[in-house]
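Peer 1: Take a look at the following structure, please.
The values are calculated or read from the model by the stated rules, or taken from the named source; none is laboratory data. It should be emphasised that the depicted structure is a prediction, and the values quoted were computed from it without experimental measurement. Quick reminder, even Gly has a Cβ in these numbers, built from the backbone with ideal geometry, and neighbours come from all protein chains shown. Remember, those area values only see protein heavy atoms, side chains included, never the ligands or the DNA or RNA. Shrake-Rupley method; radii C 1.70, N 1.55, O 1.52, S 1.80 Å.
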Amino acid sequence: MKLYLLAASGNAYKVRILLSLLNVPYDRVVIDGEKKENKQPAFLKLNPRGEVPVIEDDGTVIWDSAACLAYVARKHGGEKWLPSTPEEMAEVMQWIALAASEIQFGLQYGRRGARQGRWTAGTLEQCQATGRVALGAMEGRLKDHPWLALDRPTVADVACFPYVETAPEAKVPLDPYPGVVAWIARCKALPGWPSR
């Protein structure tokens, strides 16, 4: 398996986390963002959106972090990480949806804007407001539960983790969210959890 990534990509980090937790061997293919390798024809054949992560596995090509997580979870983690029963799958998927909405447009884009001066989803204040919606939803769950779904680690936690952990880089302090802070520590304590 190959994982195409940009070194600083939180979305690629999600996939790295799951591969590491499941002890799946893979080769890292680091794309040069400065040279815009991800926008060149060779890469666009893998992902027409020109974004990372992309997985290439035995002739199968998967792009988008949520799709990559689903592929790895079902192929190597089975029911534990992404269950197939309707109720349990939906419980996991609602948090993956949060990762692709309020977390992305709030915490991810706020971080990118603060670090790179690229503002594609509003001002810092707008991103922060959107990010706080995500953190509030997560705190509501995590104040009484150890994990986001099913009271065990799943791809829900992996999908939400990278840009929640870096919320302070979007100038959103995590102090008002003690359940989220404790959850971050629990995630990082899982055997095989990789560093950024």
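Peer 1: Which of the residues belonging to segment 147-196 are open to solvent by 50 Å² or more (accessible area, probe 1.4 Å) and not charged (D, E, K, R)?
Peer 2: Pro168, Pro173, Pro176, Pro178, Val181, Ala185, Ala189, Pro191, Ser195
Peer 1: Answer yes or no: is there a residue in segment 122-138 that is under 22 Å from Arg16 (Cα atoms) and either among the β-branched types (Val, Ile, Thr) or open to solvent by 20 Å² or more (accessible area, probe 1.4 Å) (or both).
Peer 2: There is no residue in segment 122-138 that is under 22 Å from Arg16 (Cα atoms) and either among the β-branched types (Val, Ile, Thr) or open to solvent by 20 Å² or more (accessible area, probe 1.4 Å) (or both).
Peer 1: How many residues are over 22 Å from Asp58 (Cβ atoms), under 12 Å from the mean Cα position of the chain (by Cα) and of a type outside the set (Phe, Trp, Tyr) when one looks only at segment 1-16?
Peer 2: Matching residues across segment 1-16 total 3.
Peer 1: While we're on this one: Please report, ordered by residue number, the helices (runs of 4 or more DSSP H) entirely within segment 103-196 with at least 1 residues that are under 30 Å from Glu79 (Cβ atoms).
Peer 2: Ranges flagged: 124-142, 155-165, 178-189.
Peer 1: Scan (1) crowded, with 18+ Cβ neighbours inside 10 Å; (2) under 21 Å from Pro191 (Cβ atoms) for the single condition Asn38 breaks and write down its number.
Peer 2: For Asn38, the exception is condition (2).
For every residue, the table says whether it meets (1) in contact with an Asp or Glu (Cβ under 7 Å, 6 or more places away or on another chain); (2) over 21 Å from Asp175 (Cβ atoms); (3) in contact (Cβ under 8 Å) with a residue 12 or more places away in the chain; (4) among the aliphatic types (A, V, I, L, M).
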residue	(1), (2), (3), (4)
Phe105	no, yes, yes, no
Ala114	yes, no, yes, yes
Gly117	no, yes, no, no
Gln126	no, yes, no, no
Leu135	no, no, yes, yes
Met138	no, no, yes, yes
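Peer 1: Which residues, taken from segment 99-118, are open to solvent by 30 Å² or more (accessible area, probe 1.4 Å) and either among the small types (Gly, Ala, Ser) or in contact with a helix residue (DSSP H, G or I) (Cβ under 8 Å, 6 or more places away or on another chain) (or both)?
Peer 2: Residues satisfying the conditions are Ala100, Ser101, Glu102, Gln104, Phe105, Tyr109, Ala114, Arg115, Gly117, Arg118.
Peer 1: Within segment 78-98, which residues are assigned to a helix (DSSP H, G or I) and crowded, with 20+ Cβ neighbours inside 10 Å?
Peer 2: Those that are assigned to a helix (DSSP H, G or I) and crowded, with 20+ Cβ neighbours inside 10 Å: Val92, Trp95, Ile96, Leu98.
Peer 1: Of the conditions (1) touching a Lys or Arg at 6+ places or on another chain (Cβ under 9 Å); (2) under 27 Å from Pro48 (Cβ atoms); (3) in contact (Cβ under 8 Å) with a residue 12 or more places away in the chain, Ile96 fails just one. Which one is it?
Peer 2: (1)
Peer 1: Counting only residues that are more than 21 Å from Tyr163 (Cα to Cα), give me the strands (runs of 3 or more DSSP E) lying completely in segment 1-64 with at least 2 of them.
Peer 2: Result: 27-30, 54-57, 60-63.
Peer 1: Quick one: in segment 56-66, of everything that is open to solvent by 40 Å² or more (accessible area, probe 1.4 Å) and not aromatic (Phe, Trp, Tyr), which residue is nearest to Lys45 (Cα to Cα)?
Peer 2: My answer is Val61.
Peer 1: If you go through segment 44-55 one residue at a time, how many are open to solvent by less than 20 Å² (accessible area, probe 1.4 Å) and more than 19 Å from Arg16 (Cβ to Cβ)?
Peer 2: 1
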